[in-house]
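J.: One structure is given below, represented as structure tokens, and several questions about it will come after.
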Amino acid sequence: MCGIAGWYRRSGRAVSSAVVKRQCDTIYSRGPDDYGVTVDGDFGFGMRRLSIIDIEGGHQPMRTEDGRYSIVFNGEIYNHLELRPELERRGARFRTHSDTETILQAFVCWATTHGAALTACSQSQSGIMPIAG
């Protein structure tokens, strides 16, 4: 069980990372192993993590190498190891063994050609969200 917190202020008003950190502190019991915060202008989000997969390298929020995209994720992608070779063939470079990074790299690689499919996965009613390339 992990916890995600965030704040979108609108109107271009900056979000304070200290506020998002305090939000994360209030949900400490949902993820005592790790936490992280990302703020970009008027939007910020954070994560309290209960480490299960890639305990050492799965810190969140996770960013792409170029810093363009960030993700927080609570759940498990059962087939994430099977997806990695295809993503690597498409140019993805993995820095961790985390399923969260697999989702992030899948978004970068497939969003333009599979954007609708990724959106559909995120709206699954069953709670099981398959991801395929």
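J.: I'd like the residue in segment 78-114 that is of a type in the set (Ser, Thr, Tyr) and in contact (Cβ under 8 Å) with a residue 12 or more places away in the chain and, out of all such residues, is surrounded by the fewest Cβ atoms within 10 Å (Cβ to Cβ).
T.: First, the residues of segment 78-114 that are of a type in the set (Ser, Thr, Tyr): 78, 96, 98, 100, 102, 112-113.
Now narrow it down to the ones that are in contact (Cβ under 8 Å) with a residue 12 or more places away in the chain: 96, 98, 100, 102.
Details: 96: 16, 98: 24, 100: 26, 102: 24.
Ranking the candidates gives 96 first.
J.: Which of the residues that make up segment 54-63 are under 10 Å from the mean Cα position of the chain (by Cα) and more than 14 Å from residue 94 (Cα to Cα)?
T.: Within segment 54-63, 60, 61 qualify.
J.: Among the numbered criteria (1) surrounded by 15 or more Cβ atoms within 10 Å (Cβ to Cβ); (2) without any contact (Cβ under 8 Å) to a residue 24 or more places away in the chain; (3) more than 16 Å from the chain's Cα centre (by Cα), which single criterion is violated by residue 51?
T.: Against the list (1) surrounded by 15 or more Cβ atoms within 10 Å (Cβ to Cβ); (2) without any contact (Cβ under 8 Å) to a residue 24 or more places away in the chain; (3) more than 16 Å from the chain's Cα centre (by Cα), residue 51 comes up short only on (3).
J.: For segment 84-100, indicate whether the set of residues that are assigned to a loop (DSSP other than H, G, I, E, B), farther than 16 Å from residue 4 by Cα and of a type in the set (Val, Ile, Thr) is non-empty. Break it down into steps so the answer makes sense when it comes.
T.: Taking segment 84-100 and keeping what is assigned to a loop (DSSP other than H, G, I, E, B), we get 90-98.
After this cut, where a residue has to be farther than 16 Å from residue 4 by Cα as well, the list is 90-98.
Going one step further and asking which of them are of a type in the set (Val, Ile, Thr), we end up with 96.
Checked segment 84-100: at least one residue is assigned to a loop (DSSP other than H, G, I, E, B), farther than 16 Å from residue 4 by Cα and of a type in the set (Val, Ile, Thr).
J.: Name the one entry in 25, 66 that is closer than 29 Å to residue 92 by Cα, surrounded by fewer than 17 Cβ atoms within 10 Å (Cβ to Cβ) and among the acidic types (Asp, Glu).
T.: On the way: 25 fails: closer than 29 Å to residue 92 by Cα.
Of the residues listed, the single one that is closer than 29 Å to residue 92 by Cα, surrounded by fewer than 17 Cβ atoms within 10 Å (Cβ to Cβ) and among the acidic types (Asp, Glu) is 66.
J.: Among the residues of segment 15-50, what is the count of those that are out of contact with any Gly (no Cβ under 6 Å at 6 or more places or on another chain) and part of a loop (DSSP other than H, G, I, E, B)?
T.: 3
J.: Now for a different question. Scan (1) over 12 Å from the mean Cα position of the chain (by Cα); (2) under 13 Å from residue 102 (Cβ atoms) for the single condition residue 8 breaks and write down its number.
T.: Every listed condition holds for residue 8 apart from (2).
Taken together, the values in this text are just the output of simple stated rules run on the coordinates, not laboratory data. All figures in this text were calculated on a predicted structure; none of them were measured in a lab. Virtual Cβ from ideal backbone geometry, glycine too; neighbours counted across all protein chains shown.
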